[in-house]
Amino acid sequence: TCDIDKADVGTLHPVVYHIMVIHFLQQVDQPVLPCLHEYAYGINNVPVTLNENHYPEFFKVCEKYSREWKSKNTTTVEMLFLQLLSYYVKTFSAKQFVVSIQTRMPVMKIDKNWRSRKLLVEGKFIFKLIRKVRWYFLHEALAVLLQILK
């Protein structure tokens, strides 16, 4: 094995790969996935963090949106995969930007006062969700994503 997903030995946490794929699918010219935070709160009002009391309402809004939103992207999975690789190698500047799935707008490290030159992922929402939210909410989030992908 190549050990690329073993956070305990200093590599990226497995969830980071999922966030990177979601981020890319939100950034392509005809987005494959929407930015749910932008829909729920508006482009200029995306919250820095959600507290646990916001999760039920957030998922309720997202569930409604998932029935309405459909991707117009017709790119094949194979081409999307190649574009994903190209995006992170050629387009995305890990020195300047943060991988974020909360907005399609570029999130700059300097705006967050983050100084690392490494790849940084804005994942408080996701990591808190994984750690603290009950299975019910996680199940609801997955159901919303499945609805979006249909």
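Overview of values
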| quantity | calculated |
| --- | --- |
| Distant-in-sequence amide H partners of Val107 (H built 1.01 Å from N, under 5 Å) | Val98 |
| FRET efficiency estimate (nearest 0.05) - Cβ-Cβ, Met105 to Lys72, R0 25 angstrom | 0.80 |
| Cβ-based exposure ranking for His23, His13, in which fewest neighbours within 10 Å come first | His13, His23 |
| Förster radius 22 Å - calculated FRET efficiency between Lys118 and Tyr87, Cβ distance, rounded to 0.05 | 0.80 |
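Values quoted throughout were computed directly from the atomic coordinates according to the rules given, and no laboratory measurement underlies them. The model shown is predicted, which means the values in this text are computed figures rather than measured ones. Every residue, glycine as well, gets a Cβ built from its backbone with ideal geometry; the counts of neighbours run over all protein chains shown.
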